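The values are calculated or read from the model by the stated rules, or taken from the named source; none is laboratory data. Everything numeric in this text was worked out from a predicted model, so none of it was measured. Heads up, the Cβs are rebuilt from the backbone with ideal geometry, glycines too, and the neighbour counts pull from every protein chain shown.
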Amino acid sequence: MIQYTKPSGYSRAIRQFSKATYGLLVGACCLFASIDTFAQSASKDSPQQQQLVPLKSFQGYYQLPNKVAFIAFEEQDNNLYATQLWDQKKRYQLVRKDDTHFESKNEGYAIEFLKDDSGDFSQTKILGRILCERVPFDPTKIASLTASQLKQLAGTYLKVNDNNFKIQIDPSSTGLTLTQLWDNKTISFTPRSEFFFLNDDGTFPLTFSVANGKVEQMQCFENDLWLKTDQ
């Protein structure tokens with residue numbers, strides 16, 4: 001007959017220690033498994049692992065609020081560059097900070113690209129405050145327009161809030177001629193698109209606005225508005 005012997009205090013301590021050790025090992029395994037899962041999840045979500053917007057998506061010409069200055073963005077050798085189309089065409093290499101934020105490499109100028117409601121990149125914000133609009137044309141090249149395209153812009157324009165000032169727009173062999181009717185001064189313009197023109201030295205912009213198929217107003221620089229009359 002096997003006689004049951006009550007475990008000594010030492011045996012009980014060994015068993016309790018073993019159970020505690022086993023519990024710690026199981027807990028540690030669960031902890032490391034959780035950490036590994038979290039690390040894998042964080043790695044997938046990190047900016048370095050995300051699929052970034054291709055640099056080509058930002059390429060193009062962006063117009064500053066004054067309407068006369070432009071910045072060209074282009075991708076070259078997996079880098080994005082910004083070129084001022086004024087000031088001797090100074091060029092900046094950009095360093096990517098995240099998906100849509102960049103800085104100029106040497107100066108630290110901040111640049112952010114913004115999407116429109118259609119999901120297309122249509123604007124860029126320079127230095128956190130200057131909003132530039134993307135344009136579908138190259139402002140450095142003269143566009144070729146038909147006689148009818150130029151004719152639709154011709155007419156008399158009255159200055160908003162001051163009808164004493166009038167401008168006459170007429171087609172010319174190279175684009176448009178603007179005549180200030182208060183002093184008869186004339187300025188020649190060449191087209192860069194159907195509705196955007198620059199004078200000979202590129203310092204005077206004209207932007208025409210169309211509504212319902214008709215030209216309604218002309219804008220000089222940022223805030224100088226002129227309404228087309230039926231004269």
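At a glance:
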item: Lys151 being over 30 Å from Ser172 (Cα atoms), free of Cβ contacts under 8 Å to residues at least 24 places away in the same chain and more than 13 Å from the chain's Cα centre (by Cα); result: no
item: Matching residues in the range 177-196 - criterion: being part of a strand (DSSP E or B) and of a type in the set (Gly, Ala, Ser); result: Ser188
item: Tally of residues being surrounded by 14 or more Cβ atoms within 10 Å (Cβ to Cβ) and outside any helix (DSSP H, G or I) across the range 143-154; result: 5
item: One residue from Asp138, Asp98 being farther than 22 Å from Pro205 by Cα, in a loop (DSSP other than H, G, I, E, B), acidic (Asp, Glu) and modelled with pLDDT of 95 or more; result: Asp98
item: The range 57-85 - residue that is in contact (Cβ under 8 Å) with a residue 60 or more places away in the chain and in a loop (DSSP other than H, G, I, E, B) and, of those, nearest to Asp201 (Cα to Cα); result: Val68
item: Failed item, numbered, when Tyr157 is tested on (1) in contact (Cβ under 8 Å) with a residue 40 or more places away in the chain; (2) in a loop (DSSP other than H, G, I, E, B); (3) of a type outside the set (Asp, Glu); result: (2)
item: The range 104-137 - residue that is within 14 Å of Leu55 (Cα to Cα) and acidic (Asp, Glu) and, of those, surrounded by the most Cβ atoms within 10 Å (Cβ to Cβ); result: Glu112
